[in-house]
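K.L.:
Can you keep this structure in mind? I'll have questions shortly.
The values are calculated or read from the model by the stated rules, or taken from the named source; none is laboratory data. None of these values were measured; they are calculated from a predicted model. Reconstructed Cβ throughout: ideal geometry from the backbone, glycine too, with neighbour counts over all protein chains shown. When the accessible area is computed, the model is the full protein with side chains, heavy atoms only, and any ligands, DNA or RNA have been set aside. Shrake-Rupley method; radii C 1.70, N 1.55, O 1.52, S 1.80 Å.
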Amino acid sequence: MIIEPVLLTRDAAQSDLRGNRSPEARLEEAIGLSAAINLTILHSGVVKINNPKPATLFGEGKVAELAGIVASEDLDLVVIDHPLSPVQQRNLERRLKTKVIDRTGLILEIFGDRARTKEGRLQVDLAHLTWQKSRLVRSWTHLERQRGGAGFMGGPGETQIEADRRQIQERIIALQKQLEQVRRTRDLHRKKRKKIPQPVVALVGYTNAGKSTLFNRLTESDVFAKDLLFATLDPTLRKVTLPHGREVILSDTVGFISDLPTHLVAAFRATLEEVLEADLILHVRDISHPDTDAQAEDVKKTLTDLGVDALTGAPVVEVWNKIDCLDPAYRDKLLEDAGDEGPIALSALTGEGIDQLSQRIDAFMAQNDDILTVRIPVAEGALLARLYQMAEVLERNDAEDFVTAEVRVTDKQRGPFRETFAAFIDG
């Protein structure tokens, strides 16, 4: 059973406190999250709450009603699409007589199911332990609750709980050290990439916006891409050749989602650092989704939490994906409104608009390039070969003694190129 709580304000309008999207849309997303780990959903619904209860979130009548549904349907799991305190989770499990998890727990289950690489599993373990640490009393059935009092009046479970909490903390510290090693390894890889003149383009977006499908289309790869929330967890990097021959590194990252818990963002920071180091960020949006604007705001908020914004981070270009799912008249209007400098509208599935995206990336990467003319003696064959390695040759004229070439030099190669060809640059 999946329940979407709607916490109402006290004003006359009785508006939803999480009002950036409709409760029905949030419930549909929660159902999609559950389907991502193959849960069979027998019952779902929206529950309005005027006065959240500290003990159970819902009122007594609603808890009794939910308990009746659980008993009659013989349900194994209840998902509450809202953060639950450890006390609320424990009390609901006792009253409903079945396992209860909140939104964070559901996302962690998906992450645990999807993590494939060692790094991905480390990040999931860290997030799970951080979340579980405050739920020791509830989660671990061999522990007794602590009782009040001092000295021998303490409950028999007191020492056990503290010992288990210490073990969890030690495991968290060990995982953080391993992830720090992952971060250092990534730094080394990035430094190696920086020695090669290949800028990084990162794909970000709401989960299921089509990032991996677009990644496969651009790189001609076969990264796992499916109509599932969080189909991609581990970052993937591939080389892409743009229309004018320039090579860039394209990075596919984990999808974002609304109300993503802070400690999940922290756990996946090692992965998301690829975004921080990018030269250009492509924000992929499912433009056919009814909540596309709210999803875009959630992505921007997560990017801001990571330290990426318009002032300090890489430029962000919006990519409107899934235009093949739109009504033809609306799609035509969308393409007209986007213009040449606005968002790029495309379909990663059909390939429509992919050429425009490649050209836009190419133009962005070329804006800081130098256009230079070099004259190299014909006898300097090795130097001519080096010229083709370090620059894009736009035009070449061969004379008896000299080869004159007009070349495009990237921003990253400007210094090394001028140092190598200082004696041969015209003007």
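K.L.:
Which pairs do you get when a residue that is among the acidic types (D, E), found in region 33-51, comes within reach of a residue that is surrounded by 12 or more Cβ atoms within 10 Å (Cβ to Cβ), reach meaning Cβ atoms under 8 angstrom, with the pair 6+ apart or on two chains?
P.N.:
Partner pairs satisfying both residue conditions: none exist.
K.L.:
Quick one: V403 ticks every box in (1) at pLDDT 90 or above; (2) at positive phi except a single one, so which number is it?
P.N.:
Condition (2) is where V403 drops out.
K.L.:
Restricting to region 334-387, what's the tally of residues that are within 18 Å of L242 (Cβ to Cβ) and in contact with a Gly (Cβ under 7 Å, 6 or more places away or on another chain)?
P.N.:
3
K.L.:
Okay, next question. Being among the acidic types (D, E), at pLDDT below 75 and outside any helix (DSSP H, G or I) is true for just one of D222, D187. Which residue is that?
P.N.:
Residue meeting the stated conditions: D222.
K.L.:
Determine which single condition L303 fails, assuming it passes every other condition in (1) at pLDDT 80 or above; (2) in contact with a Gly (Cβ under 9 Å, 6 or more places away or on another chain); (3) under 11 Å from G205 (Cβ atoms).
P.N.:
Every listed condition holds for L303 apart from (1).
K.L.:
Assigned to a helix (DSSP H, G or I), open to solvent by 60 Å² or more (accessible area, probe 1.4 Å) and over 23 Å from V204 (Cβ atoms): does that describe Q356?
P.N.:
The answer is no for Q356.
K.L.:
Consider region 47-63. How many of its residues are loosely packed, with under 13 Cβ neighbours inside 10 Å and in contact with a helix residue (DSSP H, G or I) (Cβ under 8 Å, 6 or more places away or on another chain)? Even if it seems obvious, please write down each step before you answer.
P.N.:
Step one: filter region 47-63 for residues loosely packed, with under 13 Cβ neighbours inside 10 Å, giving 50-51, 54, 60-61.
So of that shortlist, the ones also in contact with a helix residue (DSSP H, G or I) (Cβ under 8 Å, 6 or more places away or on another chain) come out as 54.
Result for region 47-63: 1.
K.L.:
Being in contact (Cβ under 8 Å) with a residue 60 or more places away in the chain, closer than 20 Å to D259 by Cα and open to solvent by 10 Å² or more (accessible area, probe 1.4 Å) is the filter here, so list the residues in region 76-102 that pass it. Let's see the steps before the verdict.
P.N.:
Restricting attention to region 76-102, the residues satisfying the condition of being in contact (Cβ under 8 Å) with a residue 60 or more places away in the chain are 77-83.
Keeping just the survivors that are closer than 20 Å to D259 by Cα gives 78-83.
Answer for region 76-102, where residues must be in contact (Cβ under 8 Å) with a residue 60 or more places away in the chain, closer than 20 Å to D259 by Cα and open to solvent by 10 Å² or more (accessible area, probe 1.4 Å): H82, P83.
K.L.:
Of all residues in region 376-396, which are open to solvent by less than 90 Å² (accessible area, probe 1.4 Å) and in a strand (DSSP E or B)?
P.N.:
Selection gives I376, P377, E392, V393, L394.
K.L.:
In the set T236, T213, which member is at pLDDT below 85 and open to solvent by less than 80 Å² (accessible area, probe 1.4 Å)?
P.N.:
None of the other options fit; the residue is T236.
K.L.:
Are any of the residues in region 262-275 within 30 Å of Q389 (Cα to Cα), modelled with pLDDT under 75 and open to solvent by less than 20 Å² (accessible area, probe 1.4 Å)?
P.N.:
As a first pass, look at region 262-275 and keep what is within 30 Å of Q389 (Cα to Cα): 273-275.
Of the ones still in play, those that are also modelled with pLDDT under 75 are 273-274.
Subsequent filtering for residues that are open to solvent by less than 20 Å² (accessible area, probe 1.4 Å) retains 274.
There is at least one residue in region 262-275 that is within 30 Å of Q389 (Cα to Cα), modelled with pLDDT under 75 and open to solvent by less than 20 Å² (accessible area, probe 1.4 Å).
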